[in-house]
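See structure below.
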Amino acid sequence: MKIVLLGPPGCGKGTQASNITYKYSFPHISTGDIFRENIKNKTPLGIKVKEIIDKGCLAPDELTVELVKDRLSKADCKDGYLLDGFPRNLFQAKELDGFSAPDLVLNIKVDLNKIEKRITGRRVCTDCGGSFHIDFIGDTATCPTCQGKLITREDDKVETIRKRLAVYSEQTQPLIDYYKRQNKLRDINGDLNIEGVFLEIVKVLG
Ligand code: AMP
């Protein structure tokens, strides 16, 4: 099955994507992760997008679309995929429909007033890439999984979060109507705890 995960920054897309991949084995493709990996390795792509991403803006559409098109052409995607963070606007959604239209779009709905707190408490591991919240692990700098170093993502700083939320409202939210019209949208209550959200997803995916 071809699935798109939709939702504002900090709604738990990454966490639920890991849960879905574990249970259903669709390859998890996160454009944000791909960009971050390239930034970490200082590749030409990483150098090109670092400043844009640090400011909370979107990377150029053509570049992002090509990246996803190329990734979806790989053998592991032939039976489906789980796209996380793509498409981010109508242009990208229409492009995706042109080369690999999704079957289902899971729209993780959360109270936008709680997002800032959710994101500022997020810590990511520079070694294993794991993502954690200080409400669960405390304010530690050590990764509970691999003992690597935990940091706050550059684009998780308060000013950048506000920019990212504005970009979401302007550019990504219109996708909700776009996929509703195609009868592919399924709403998921993202204000439940991690297990609760996942149970809602399982109810939809079967
Ligand atoms: P994420 O981890 O999905 O929140 O993505 C982090 C950042 O990567 C975003 O704020 C954008 O700057 C960039 N990014 C991720 N996915 C896309 C996309 N589909 N189109 C453009 N920029 C993206």
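What follows is calculated from the coordinates using simple rules that are stated; it is not laboratory data. Remember, it's a predicted structure, so these values are computed and weren't measured experimentally. Reconstructed Cβ throughout: ideal geometry from the backbone, glycine too, with neighbour counts over all protein chains shown.
The figures follow:
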{"quantity": "Semi-axis lengths (Å, descending) of the ellipsoid that matches the C-alpha gyration tensor of the range 14-63", "calculated": "25, 11, 10"}
{"quantity": "The range 48-150: trypsin sites (Lys or Arg not before Pro) in DSSP loop, at most 16 other beta carbons within 10 Å", "calculated": "K55, K74, K78"}
{"quantity": "Charged-residue dipole, Cβ positions (Lys, Arg, Asp, Glu), the chain about Cα centre, Debye nearest 20", "calculated": "20 debye"}
{"quantity": "Of K13/K117; K13/K180; K50/K184; K78/K109; K117/K203; K69/K149, those spanning more than 25 Å from alpha-carbon to alpha-carbon", "calculated": "K50/K184; K78/K109; K117/K203; K69/K149"}
{"quantity": "Chymotrypsin sites (Phe, Trp or Tyr not before Pro) within the range 165-206: DSSP coil, no more than 14 neighbouring Cβ in 10 Å", "calculated": "none"}
{"quantity": "In order through the range 8-23: 3J(HN,Hα) via Karplus (6.51 cos²θ - 1.76 cosθ + 1.60), integer Hz, x for Gly, Pro", "calculated": "x, x, x, 7, x, 4, x, 5, 5, 4, 5, 4, 5, 4, 5, 7"}
{"quantity": "Mean ellipticity per residue at 222 nm, deg cm²/dmol - from DSSP H runs of n ≥ 4 across the chain, formula -39500 (n - 2.57)", "calculated": "-13500 deg cm²/dmol"}
{"quantity": "Over the range 55-145, relative contact order from alpha-carbon pairs under 8 Å, at least 6 apart, %", "calculated": "15 percent"}
{"quantity": "Kirkwood Rh (inverse of mean 1/r, distinct Cα pairs), the chain, angstrom", "calculated": "17.5 Å"}
{"quantity": "Counted charge near H133, where neighbours are those whose Cβ lies closer than 9 Å (Asp, Glu -1; Lys, Arg +1)", "calculated": "+2"}
{"quantity": "Calculated FRET efficiency for the pair D54/D97, C-beta based, R₀ 30 Å, to 0.05", "calculated": "0.50"}
{"quantity": "Choice from L58, L104, L45 with maximal GNM fluctuation in the chain (Cα, 10 Å cutoff)", "calculated": "L45"}
